[in-house]
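Colleague: Could you have a look at this structure, given as C-alpha cells, before my questions?
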Amino acid sequence: MTGVLALEPDRTLRELALAAARAAPVPVTVQDGVAESLPASDASIDVVVSSLVLCSVADQSVALAEAVRVLRPGGLLLFYEHVRSAHRMLAAAEDLVTPLWTRMAGGCHPNRDTVGVIAGAGLTVQGVERFGFSVLPGNPRLAHVLGVASKP
Ligand SMILES: C[S@@+](CC[C@H](N)C(=O)[O-])C[C@H]1O[C@@H](n2cnc3c(N)ncnc32)[C@H](O)[C@@H]1O
C-alpha cells in the first residue's frame with residue numbers, strides 16, 4: 001500500500017483530521033486507533049510520524065515498541081514533541097504540575113524524557129533540534145524537540 005494511515009483515538013479530533021485529510025494532496029486514511037496497537041504488519045511501514053502524541057500515550061515504551069515493530073529496517077520515526085526541561089528547577093516544576101496537568105490535558109505529560117525513551121526503544125537517533133516554544137501567547141515556553149530516528 002502507498003499512502004498515509006492516520007490514527008486518532010479522540011472522536012472530535014478525528015473529525016478534524018478527516019476534514020484535513022480530504023484537503024490533503026496525497027491519499028490519507030483516518031482511523032480510530034492508538035499508538036500502542038498499530039494496525040500494520042511487521043516491517044511494513046517506511047515512516048512513522050509522531051506529532052505531539054508521545055506526551056499523551058499511557059506508556060511511551062509500548063508505543064515505541066509498536067513503531068519499531070511496524071517499521072521496515074532503515075525506516076524512520078519522525079517526531080515533534082514537547083519534552084522535559086533541561087533546567088533542573090523547571091523540570092522539578094514540571095514534575096510538580098504533572099498529576100493535575102495530566103488530568104486536565106487529556107493525559108498529556110509535560111515532564112517526559114522522550115528522546116531518551118526513543119533511543120531506549122532501539123531506534124538510532126539521527127538528529128534532534130531542541131527549542132523553546134509557547135503554544136499560546138502568554139503560556140510558558142516548553143522545551144520541544146524535532147527529530148529523526150531510524151530502525152537499524
Ligand atoms: C496534544 S494533542 C496533539 C494533536 C495533534 N497530533 C497535533 O500535532 O496538533 C495529543 C494527541 O494525542 C492523541 N492521543 C492520545 N493518546 C493517544 C494514543 N494512545 N495513541 C495515539 N494518539 C493518542 C490525542 O487524541 C491527541 O490528538
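Nothing in this text is a laboratory measurement; each read-out follows from the coordinates by a stated rule. Every value quoted in this text rests on a predicted model; they were computed, and no experiment measured them. In this analysis, Cβ positions are derived from the backbone assuming ideal geometry, glycine residues included, and neighbour counts consider all displayed protein chains.
Colleague: Multiply the residue separation of S37 and A19 by 0.36 nm, subtract the distance between their alpha-carbon atoms, and state the gained length in nm to one decimal.
Modeller: So the extension gain works out to 4.1 nm.
Colleague: Using alpha-carbon positions, what is the distance between the centroids of the stretch 12-27 and the stretch 104-152, in Å?
Modeller: Using only Cα atoms to place each centre, the spacing works out to 24 Å.
Colleague: Still on this structure, I have one more. Which order results if C55, C108 are arranged by neighbouring Cβ count within 10 Å, fewest first?
Modeller: C108, C55
Colleague: Here is a further query. Using DSSP, restrict attention to beta bridges with both residues in the chain and report what percent are antiparallel, rounded to the nearest 5.
Modeller: So the antiparallel bridges amount to about 65 percent of the total.
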